[in-house]
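Enquirer: My questions all concern the structure below.
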Amino acid sequence: MTETAPDLDRLRGGAAPRNHDARTIAALTANPGCARRGVMDAAGVDKDAVARALGFPAPFGQSQFAITRGNVFEQQVKADGCAELLTLLREGLGLDVPEVAYDDLETVAGNEGRELRHIRTRRLLARALETGEGTLFDHPLLRLDIGGRPAYLEPDVIAFQFAGRFHVIEIKSFAVVDGQAEPEQVAAAARQSAVYVLALRDLVAELGHDPERVSHEVFLVCPENFSNRPAATPVDVRPQLAVLRRQLARLTRIDDILAELPADLTFAPGERLAEAVRTVEARYAPECMAGCEMAFFCRDEARACGATGALGRSVRDDLGGLDTIGTALALADGDLDPAADLAETAAQLRLASLLRAEALENAEARRAAEAPPAPAAAPAAAIPESRAS
Amino acid sequence: MSALSALARLEAVRAGRAQPVATVRHVHIADAPLVLVPLKLAGEAAAPLAVMAGAAPDAPSLLIVPQPRNRDQRFAFAASLARLVLNHVETHRGEVEELPGKDGEVRLRYGDAPQLLVPNRGGVRFLRLLGRSTRFRSTEGAYAVDAAVPVLGRWLTWFADRHDHPGSSLLGAATELLRLHWATGQSSLEDGNLAALMGWIDPPDGLDGPSAAALAEDPVRWPPAGPATDPTFDNEVLAPAIAAYDRSGGDARARERLRAAIETQVTPTWELMWRAVGLLRALPEAAGVARRWERDRDAFTHYHQTFGEAYPQARRDPPVRAARRLHDLERAQEAYEAQRAFDDPLVMAEQRLTGAAFGGVVTECHPERLDETGKRPKLRPLLRVATGDPVRLEPGTPVCSAARPALKGRIVEIGGGGVLVELTGGLGRRLVPEAGVVPVEGDRVCFTSRTEGSFGIARFPDREDTPWTHGGPPEDYVPTADDAREDWS
Ligand code: SF4
C-alpha cells in the first residue's frame, strides 16, 4: 500500500485529498466495475473540480431551502444535549436509556486533522466498549478499507451505545408520512447507514471486540408527516450490508489498476486532463447521474462511442449484453454475421426488427387508407360523388 | 423491457429522433383536460410554492404561495386550488346515462369525467401528498380551514389512487403517457425530464433529438418540470424574492415580482404539456380506450355520488381492503396489458417475440370441417398458418385471434414453418361458419395464447367479516381533532 502512495499524491496533482463520505462509498458500490472512479476516489481526487475543469460540471447544486431545512431539523433534534432525540428513543421506541453523556467528536482542540480525530474516536469508543461509558457519540471519524486502501469517513451520524451495543442514528430531513417515505430516499439512507455500520464494526473488531456489538438495526430520525416533529424508525440494514460487503470485495483492486497506468498520469488541471481521465477505463450507466460527479463527462464519452450502457443497464441486458449500438443495429438489420456466441442474441434482434417493421408498415398502410383524402387527391375523390348525384 | 423496446431505443439513436413503440393511442385524452404544473419548496415534503393550472392552453391560472412557510398562506392557496379543481370536476360530468343495474335497479353513469394531467411522476406524488395534508382538515374550531380544502384533499387522494390503477386515464403524468408511445435514444432516467423527452419526440425546427434534449438539460433554458425547482433558481432568484416580500410586509408589488419570477419557471413546462397533449391526441385511439374510460367514468360516478356519505380516505388501508385493492390492481394490470396487445400489433409483437403468440399468412383453410367423433357433429374449421415466429406453445394450447379475440381455437401441431390451428369458438351457432369469421387463404392472421382476464374473481371477506387475524372488522376512519390540528409546516 505504501508503495503506490506517492502515485496517489501525483494523481491529485499535489492537491489535498478529499474525504469520503458514506454517499460516495455507497455510490462506489453502485458501480464497482468502474476503474476510473475507483482510482479517483482512492486518490481522493476532487472529482467535482475535475468535472468542472473538463466542462462537464456536476449538477449537484443544492437549494438553500433544502439545506436550511436540513440544518434546522438536525439542530432541533440535537438541541440541549439531544433532548428531543432522547425523548424519541425513550418514549417513541420504548428504550430504557439511563444517564446520558454526549460527546461531539467533530473537533479536537481546534485541530481537525483526520488522524487526530480518528484517534479520538477510537479512544472514546474503546473506553465505551470496555466500561460502557458514554451514550451518544456525534460525528465519529471512521475508516473503511476501499479497494485495498483506507478511506476516512466523516459521517454526520451519531453512534448510540445502548445495552452494550452500538446503533447508528442518522438524522434525515425527508418526511415520513403515515409511516411511509419516498422509497429512493429511504433506500439511499439505508445504504449510507450500512456503510457506517460496516466502518464501525471494523473499528470495534480492531479494538479487539466482537463486531456484532454494532447492531444491524439503525435508527432513522425524520420529520413526521408534515410537521417538524421528529420520529424514529428502526431500519434493519442487513440486506444493504450484505450487498455492500459483496461489492467492496469485488471492487477492482486499485493497486492492480494503478500498475497498468502510465507512470506520469495526473489529474491536475491542464490541457491533458481529459486525456488523463480517458486513460482510466470507465463503465458508465445512467445510475452514475445520481452518485458520481464525473457523470456528465462519462455520459458524453459513452454516447460518443455508441455504448449501449448509456441507454441503461436493462437495455444492455435486453440486447444480450452487447456493448455497442452499431453492432446491435447491424445484427438487427441482418447486415452482420454473428459470432457463434451471439447467435441467439442476433436471432432475437433480427426477429424484433422484422416484427417492428411489419407492425409499423401495417399501421402506416391502415392510416393511409383511413386518412381523409389529402388536398391534392380531393378532386379525384370528388368525381364519383358528383356522378352519383 | 424487452429486445423489442431496446431495439426501438437503438433505432431512435440512429434516427436522431424518438421512434414509436405503439401504433395507436392507449390512453384517453379529454377534450379539455385540467393541466396542473405544481412546484414545491425544496426540502419540504409537500409545501406548495405554486401551481399553474387550466383546461386550455391559452388560459392558465397561476396560484402562488408567496411565503411557503406560512401556514395561513398555504391554506389560502389550498382553498383557491380547491375552487379551481372542484369547478373542473363539477363541470366535467357530462350527461347522465341510465343503465340497467342489479335486481332491476337503475345504475347511473356520468357521460364524462374530469381528467387531470401533470408533467411527471413527481407531480402525481405531490398531488397525493397535498391530498393527504388537506383531507383531514376541519372546517370548524380553532384550526378551521375553508370548506373547500378538505374536499380538495379527498378528491386529490382519489385521483392519485386511480393513478395506481393500470389503464386508468383520470390522472396522467405526461412523461409516462409519452413513454408508452415513443422510445427515445436516451435512458429512462433522462426520459423523466419532460423537456428532454419532448425534444426527442418533437424537436424544434433545425434541431434533432439529441441536440434538443441537450438544450433541455440546461435548467436556465428549460426550468425543471417540477415539483422540484432548480437549485440555482432557488438560491439566486426565489430566495431573494421571498425575502423581499417578507421585508415589504406583504406588499403587492413585491408579491407581483415574486409571481413573475415563478411564472418564468412554470410557463415553459405549461407549453410543453399542451404540446404533449397535442401529440397524443393526434394518434388514432385504440379500441380499448373507450372501454377503459367507461370504467373510469363508473369509478368517478360512484365516488361523486357517495361523496357526501363517505369519510375521508383512511391514512392506511385496513387489511381486507388492502388485499382486495392489490388483487384488483393485479387483475387490472393483466387485463390492461392484454387489451393493449389486442389493440396494437406493435405491442402484440412482444408476445410474438417471446413465442406466446404467432403471426403469419394462412396457407391452407378448411372452413367447414366438422368434428364427428362425438355424439353430435361440431364445427371445427382448420387453418394452417405459415410463420417465421419462434412459437413456444404446446399442441392443445388454447389461442385466440388478435384481431378478433372472440375467435377461439387450439393448436393441433407445430412444425415445418407453420402452425395448424383448430377453431373452436366465435364461429356462430350453426354448422357452417358465419360469413367472414374464418380467415381465408392469403389472409394475415395473428393468434395469441394470452387471453384477457385469466385472473380469477376476487374472494375476500366483506368488511364485516374481516377475520380476527387481520384485526377484525375495521372501524370507519373518522378524522379526529388531532388530524385537523396537524402541523403543515
Ligand atoms: S460517472 Fe464515470 S467515473 Fe463515475 S462511476 Fe460512472 S463511469 Fe465511473
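The values are calculated or read from the model by the stated rules, or taken from the named source; none is laboratory data. For clarity, every value in this text was computed on a predicted model and none was experimentally measured. Virtual Cβ from ideal backbone geometry, glycine too; neighbours counted across all protein chains shown.
Enquirer: Going by the conditions given, is B:Gly111 more than 14 Å from every other protein chain (Cβ to nearest Cβ), surrounded by fewer than 22 Cβ atoms within 10 Å (Cβ to Cβ) and over 19 Å from the mean Cα position of the chain (by Cα)?
Expert: Yes; evaluated as a whole, the condition is true for this residue.
Enquirer: Tell me which strands (runs of 3 or more DSSP E) are completely within region B:95-172 and hold 3 or more residues being without any contact (Cβ under 8 Å) to a residue 24 or more places away in the chain and farther than 27 Å from A:Val177 by Cα, or say none if there are none.
Expert: Qualifying strands (runs of 3 or more DSSP E): B:96-100.
Enquirer: Return a yes/no flag: does region A:26-46 have any residue that is within 12 Å of the ligand (Cβ to nearest atom), modelled with pLDDT under 80 and of a type in the set (Ser, Thr, Tyr).
Expert: Yes; the residues of region A:26-46 include at least one that is within 12 Å of the ligand (Cβ to nearest atom), modelled with pLDDT under 80 and of a type in the set (Ser, Thr, Tyr).
Enquirer: For the condition more than 9 Å from chain A (Cβ to nearest Cβ), closer than 30 Å to A:Arg303 by Cα and surrounded by fewer than 22 Cβ atoms within 10 Å (Cβ to Cβ), what is the one hit in B:Arg25, B:Arg17?
Expert: Working: B:Arg25 fails: closer than 30 Å to A:Arg303 by Cα.
The unique qualifying residue is B:Arg17.
Enquirer: Cβ contacts < 8 Å: first residue facing another protein chain (nearest Cβ under 9 Å) and surrounded by fewer than 18 Cβ atoms within 10 Å (Cβ to Cβ), restricted to region A:161-189; second residue of a type in the set (Ser, Thr, Tyr) and outside any strand (DSSP E or B), any location; separation 6+ or different chain. Result?
Expert: Going by the 8 Å Cβ cut-off, there are no qualifying pairs.
Enquirer: Then there's this: Can you confirm whether B:Ala276 is more than 26 Å from B:Thr134 (Cα to Cα) and part of a helix (DSSP H, G or I)?
Expert: yes
Enquirer: Going by what's in this entry, would A:Ala16 be described as buried (at least 19 other Cβ atoms within 10 Å of the Cβ) and either more than 14 Å from chain B (Cβ to nearest Cβ) or within 16 Å of the ligand (Cβ to nearest atom) (or both)?
Expert: no
Enquirer: A follow-up question, please. Can you name the condition, by its number, that A:Ala126 falls short on among (1) more than 24 Å from A:Pro211 (Cα to Cα); (2) of a type in the set (Gly, Ala, Ser); (3) modelled with pLDDT of 80 or more; (4) more than 16 Å from the ligand (Cβ to nearest atom)?
Expert: Status for A:Ala126: all satisfied but (1).
Enquirer: Now a separate question. Suppose we keep only residues that are among the acidic types (Asp, Glu) and surrounded by fewer than 19 Cβ atoms within 10 Å (Cβ to Cβ) within region B:166-214. Which one would you say is modelled with the lowest pLDDT?
Expert: B:Asp205
Enquirer: Taking the conditions exactly as written (touching a residue at least 40 places away in the same chain (Cβ under 8 Å), within 14 Å of another protein chain (Cβ to nearest Cβ), more than 28 Å from B:Gly192 (Cα to Cα) and in contact with a Pro (Cβ under 6 Å, 6 or more places away or on another chain)), does B:Pro367 satisfy them or not?
Expert: In short, no.
Enquirer: Can you go through A:Val77, A:Val50 and tell me which one is within 16 Å of the ligand (Cβ to nearest atom), at pLDDT 85 or above and β-branched (Val, Ile, Thr)?
Expert: Numbers: A:Val77 fails: within 16 Å of the ligand (Cβ to nearest atom).
Matching residue, one of A:Val77, A:Val50: A:Val50.
Enquirer: Within region B:365-399, how many residues turn out to be over 21 Å from B:Val437 (Cβ atoms) and basic (Lys, Arg)?
Expert: 2
Enquirer: Quick check on this structure: which one of A:Ala343, A:Ala352 is in a helix (DSSP H, G or I) and either free of Cβ contacts under 8 Å to residues at least 12 places away in the same chain or more than 8 Å from chain B (Cβ to nearest Cβ) (or both)?
Expert: Only one candidate qualifies: A:Ala343.
Enquirer: Further, regarding this structure: Give the residues of region A:331-340 that are touching a Leu at 6+ places or on another chain (Cβ under 7 Å) and either β-branched (Val, Ile, Thr) or not in a helix (DSSP H, G or I) (or both), sorted by residue number.
Expert: Once the filter is applied, which keeps residues that are touching a Leu at 6+ places or on another chain (Cβ under 7 Å) and either β-branched (Val, Ile, Thr) or not in a helix (DSSP H, G or I) (or both), region A:331-340 yields only A:Pro338.
Enquirer: Follow-up. So which helices (runs of 4 or more DSSP H) are wholly in region A:32-136 and hold at least 2 residues that are under 30 Å from A:Pro234 (Cβ atoms) and in contact with a Leu (Cβ under 7 Å, 6 or more places away or on another chain)?
Expert: A:64-87, A:114-131
Enquirer: Considering only residues that are of a type in the set (Val, Ile, Thr) and under 18 Å from A:Leu248 (Cβ atoms), which ones fall in region A:12-60?
Expert: Matches in region A:12-60: A:Thr24, A:Ile25, A:Thr29, A:Val39.
Enquirer: Determine which single condition A:Arg366 fails, assuming it passes every other condition in (1) at pLDDT 90 or above; (2) within 13 Å of chain B (Cβ to nearest Cβ).
Expert: Evaluating A:Arg366 over (1) at pLDDT 90 or above; (2) within 13 Å of chain B (Cβ to nearest Cβ) leaves (1) as the failure.
Enquirer: Just one of B:Leu353, B:Leu326 is among the aliphatic types (A, V, I, L, M), within 21 Å of the chain's Cα centre (by Cα) and part of a helix (DSSP H, G or I); which is it?
Expert: On inspection, the qualifying residue turns out to be B:Leu326.
Enquirer: Turning to a different aspect of this structure: Hey, any hits in region A:148-163 for a residue that's more than 19 Å from the chain's Cα centre (by Cα) and over 25 Å from A:Glu115 (Cα atoms)?
Expert: Yes, region A:148-163 contains at least one residue that is more than 19 Å from the chain's Cα centre (by Cα) and over 25 Å from A:Glu115 (Cα atoms).
Enquirer: So which helices (runs of 4 or more DSSP H) are wholly in region A:222-330 and hold at least 2 residues that are more than 9 Å from chain B (Cβ to nearest Cβ) and away from the ligand (no atom under 16 Å from the Cβ)?
Expert: A:238-250, A:254-260
Enquirer: Out of A:Leu258, A:Leu220, A:Leu248, which single residue is buried (at least 19 other Cβ atoms within 10 Å of the Cβ) and under 20 Å from the mean Cα position of the chain (by Cα)?
Expert: When all the criteria are applied, what remains is A:Leu220.
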